């Protein structure tokens with residue numbers, strides 16, 4: 001991560017423990033602070049209503065439930081977010097296709113690119 005970007009606080013909404021742990025490690029390596037990790041819809045909704053995170057990584061499918069309602073809540077609060085999905089942006093509902101998306105499986109450079117993309121829209 002370049003020095004001109006200030007470290008940002010990140011929340012992760014992801015139901016797969018291994019993916020969440022990988023994201024945590026990669027984000028730390030890139031200079032971000034992970035402030036929360038949740039894997040259930042009820043906890044995710046609570047997190048979104050209370051979070052002070054600067055950006056959220058949002059799994060599109062959380063334990064079999066689509067998370068577009070969570071995306072809407074983030075958008076209404078003005079909190080940037082990145083969809084995390086195995087289908088890429090083409091797998092998103094049409095109304096969300098302009099939202100940055102991290103396609104699984106991913107590498108650190110993919111995460112860094114999409115984080116910069118999402119944060120550049122608010123900088």
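What is the antiparallel percent of DSSP beta bridges lying wholly in the chain, to the nearest 5?
10 percent
Based only on other Cβ atoms within 10 Å, what is the fewest-to-most ordering of 81, 106?
106, 81
For a quick size check, give me the Cα extents of the chain along its three principal axes, largest first, whole Å.
Cα spread of the chain along its principal axes, largest to smallest: 37, 29, 28 Å.
Which of 122, 38 comes first, and how do the rest follow, when ranked by fewest Cβ neighbours within 10 Å?
122, 38
Taking other Cβ within 10 Å of each residue's Cβ, how do 41, 18 sort, fewest first?
18, 41
Based solely on its DSSP helices, what 222 nm [θ] is calculated for the chain when runs of n ≥ 4 H residues each add -39,500 (n - 2.57) and the sum is averaged over all residues, nearest 500 deg cm²/dmol?
-11500 deg cm²/dmol
Here, each number is a calculation from the coordinates, and none is a lab measurement. On a predicted model such as this, the values are computed, not experimentally measured, just so you know. So basically every Cβ, Gly included, is an ideal-geometry build from the backbone, and we count neighbours across all protein chains shown.
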